[in-house]
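The block underneath contains the structure these notes are about, expressed in structure tokens.
The values are calculated or read from the model by the stated rules, or taken from the named source; none is laboratory data. Computed from a predicted model, the values in this text were never measured in an experiment. Here the Cβ positions follow ideal geometry from the backbone for every residue, glycine too, while neighbour counts run over all protein chains shown.
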Amino acid sequence: MNGKADMKRPGSKVILSIGGSDPSGGAGIQADLKTFTVLGVYSGAVVTCITVQNTTGVFSFQPLDAVLIQKQIECVINDLAVSHVKIGMVGSAEVSRGIGMALAEFQGEVIFDPVLRSSTDQSLTADGNLHTLCENVLARSTVLTPNLPELAALTASELSGHEDIIRASVHLLGNFQRLRAIIVKGGHGDSKESQITDYLICRKAPGADDSFPNVDIHQQSHPRIHTRNDHGTGCTFASAFAAFHLRSGDDTEAFRQSVSFMNDLLAISASCTLGHGKGPLAHHLMTGRQGTHP
Ligand code: PLP
């Protein structure tokens, strides 16, 4: 097995999700698979870490063997017509390297949600090794979906407004040649603001001026939905983008659809009572509303 992705492989296009397992079903691989199913897209899953968590927090986690993870990814992309890989929690430097090796020759879309901390503020990186994560995973990504704290951490900068968000994104697009687009989710901004703005920042001409790429900026502003039930929002948003992108092949369309899907999902989940803490999104209430992909 050499991990080479043959994009001409017959059969329907599918997504492969690579991320951590949340046994309470709210975040990680479980949230990804529910999202893909609701959006009518087939997916496989490779687990990077087992977490011990529920709606009240993440209590511990254990990264799995990096070689085993690498072999699983290669095994799936050598068989199924994987057009999109979605990556969430990686968990250790070794796992970053295993993923990087498995995807070395993969030519499809790699949508990376750079999970660093949970919304209950527990670290989700074993050794905090951002450099290895960037070298092995970010360097192979085509689309990055950070929230504001993640964008700040990846660029070692403070973000105090629109200009800073654009500058930080342009900086990353300049440093990572495969990156085509960055979606910055605004939900972690000032919680007193009644509006949230999400950004899609796209490289205009790939490789035109890599030291300071020209970008197209798209913004979507929408009312903040006040809810405790937002556990798994980041995983779900990146997965929705991957699924909509598989269906349309278009960044702006997939961005617009995933923002709208998240608003509907947050709204429908708000009245659920699941667990004692930050309740999960209720993907199951969205079934049958979103159409399917063959
Ligand atoms: N656990 C896993 C496995 C995750 O991938 C994530 C986020 O991506 C989390 C927990 C944290 O989710 P949240 O920040 O929505 O609580």
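Worth a mention:
- Scanning segment 84-134 for residues that are in a strand (DSSP E or B) and acidic (Asp, Glu) yields one hit, GLU109.
- Residue in segment 5-18 that is more than 16 Å from the chain's Cα centre (by Cα), within 30 Å of HIS276 (Cβ to Cβ) and not charged (D, E, K, R) present: no
- For beta carbons closer than 6 Å, sequence separation of 6+ or different chains, a first residue in segment 101-126 that is under 21 Å from PRO149 (Cα atoms) and modelled with pLDDT of 95 or more and a second that is in a loop (DSSP other than H, G, I, E, B) and within 11 Å of the ligand (Cβ to nearest atom), the qualifying pairs are ASP113/GLY88; ASP113/THR145.
- Residue list for segment 29-67, restricted to those being more than 9 Å from the ligand (Cβ to nearest atom), within 21 Å of ILE99 (Cα to Cα) and among the small types (Gly, Ala, Ser): SER43, GLY44, ALA45, ALA66
- Meets criteria (surrounded by 20 or more Cβ atoms within 10 Å (Cβ to Cβ), within 13 Å of the ligand (Cβ to nearest atom) and not hydrophobic (A, V, I, L, M, F, W, C)) for GLY19: yes
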